[in-house]
1. Quick one: which helices (runs of 4 or more DSSP H) lie wholly within segment 200-258 and hold at least 2 residues that are within 19 Å of Cys11 (Cα to Cα) and β-branched (Val, Ile, Thr)?
2. Has segment 171-182 got any residue that is touching a Gly at 6+ places or on another chain (Cβ under 8 Å), modelled with pLDDT of 95 or more and crowded, with 22+ Cβ neighbours inside 10 Å?
3. Answer yes or no as to whether Gly217 is closer than 19 Å to Phe113 by Cα, modelled with pLDDT under 95 and either among the aliphatic types (A, V, I, L, M) or in contact with a helix residue (DSSP H, G or I) (Cβ under 9 Å, 6 or more places away or on another chain) (or both).
4. Select from segment 282-301 the residues that are of a type in the set (Phe, Trp, Tyr) and either touching a Cys at 6+ places or on another chain (Cβ under 9 Å) or over 23 Å from Val194 (Cα atoms) (or both) and list them in ascending order.
5. Quick check on this structure: which one of Leu159, Leu152, Leu234, Leu174 is hydrophobic (A, V, I, L, M, F, W, C), touching a helix residue (DSSP H, G or I) at 6+ places or on another chain (Cβ under 7 Å) and more than 13 Å from Ile260 (Cα to Cα)?
6. Note down all Cβ pairs under 9 Å where the first residue falls in segment 290-301 and is in a helix (DSSP H, G or I), the second is of a type in the set (S, T, N, Q), and they're at least six residues apart or on different chains.
Amino acid sequence: MASVDVGSYSCRFSVADFSNSFKLIYEEGNITSLATGLKDGNYLLEDRVEETLRVIKDYVSKAKKFGVDRIVLVGTEALRRAKNAEDFLRRVKEETGYELKVITPEEEGSLAFLAVAFSLNPEGKFCVIDQGGGSTEFVCGKGFEIEYIQSLPIGIVNLTEEFIKSDPPTNYELESLKNFLDEAISQVVRPCDVLVGLGGTITTISAIKHGVFPYEGQKVHGTKLSLDDIMFWLDTLSSMKAEDRIKHFPHIEPKRAKVIIPGLMIFYRAMMWFGKREITVSDWGIKEGVLVKEYLSQKSS
């Protein structure tokens, strides 16, 4: 089975084989920045639509080469908000033959939680922070049971457009971003034993810290970052121009370089509010959650 996660910032693809046990056999991700400019008029930009469609079609043709039985396509915040989302969904159906289902923030959070619970099995009560391009989900629970789920409409695309006007950002911009996030995150704090972070920002930082280049998800999955690590990289990267971030750290994809600061700020403030000095990094997210959900339902039937 294959899954495609059409996110607000990146488009990601996984293929899993369920024949013996659950095994991921192929993964790929591309930054398509679908949510770029969305806040200006709530419309997806034509060039972002074209780029995202091109990537989806490529994934579908790769999935067919693997001979998959099923392909599931899901979309998140950008497609929940855009006024022209229906046109995009229609084009996906026409050009690939597959339906793209726009999932709710709750479904998004529960798939991310399922992926973490299944692959990392954190001890005790854990809270997953799934930080995306257009929204960030906070999902807390134990084992496979979700006890609390909250989605905030904040992500690296809309926060960058809203707060980061300079390159590198000014102290005033960083302070404004921090104050805004404190207000939002303080509302979603719940007691937990373990914090788990998802998304391209935190996996990129973990790859830099642990010397993983070129990127390999399984080498990053389950690694840990301390609060000091997050603060160090926030400080280091926010004092550089976006082009220098790429030059010094080839782990950072060129398109990610200009949006990584709000991503780091989300994790920094969340760790402060949750009172945690360490966060576990998950490379698994929504697309793996889709596959795990199907695998578990096949096993139980």
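1. On the way: elements: 200-209, 217-220, 227-238, 242-248.
The qualifying helices (runs of 4 or more DSSP H) are 200-209.
2. No, there is no match, as no residue in segment 171-182 is touching a Gly at 6+ places or on another chain (Cβ under 8 Å), modelled with pLDDT of 95 or more and crowded, with 22+ Cβ neighbours inside 10 Å.
3. When the stated conditions are applied, Gly217 passes them.
4. Tyr295
5. Leu152
6. Hits for this filter: Val290/Ser3; Val290/Ser14; Leu291/Ser3; Leu291/Ser14; Val292/Ser119; Lys293/Ser110; Glu294/Ser3; Tyr295/Ser21.
Residue by residue, here is whether (1) basic (Lys, Arg); (2) touching a Cys at 6+ places or on another chain (Cβ under 9 Å); (3) within 14 Å of Thr201 (Cα to Cα) holds:
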site: Glu123; (1), (2), (3): no, no, no
site: Asp130; (1), (2), (3): no, no, yes
site: Tyr148; (1), (2), (3): no, yes, no
site: Leu152; (1), (2), (3): no, no, no
site: Asp167; (1), (2), (3): no, no, no
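Residue-wise test of (1) surrounded by fewer than 21 Cβ atoms within 10 Å (Cβ to Cβ); (2) under 21 Å from Glu173 (Cβ atoms).
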site	(1), (2)
Val212	yes, no
Tyr215	yes, no
Lys219	yes, no
Leu225	no, no
Phe232	yes, yes
Met240	yes, yes
Arg245	no, yes
Leu264	no, yes
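The values are calculated or read from the model by the stated rules, or taken from the named source; none is laboratory data. What you are looking at is a predicted structure, and each value in this text was computed from that prediction instead of being measured. When we count neighbours, we look across all protein chains shown, and the Cβ atoms used for this are built from the backbone with ideal geometry, even at glycine.
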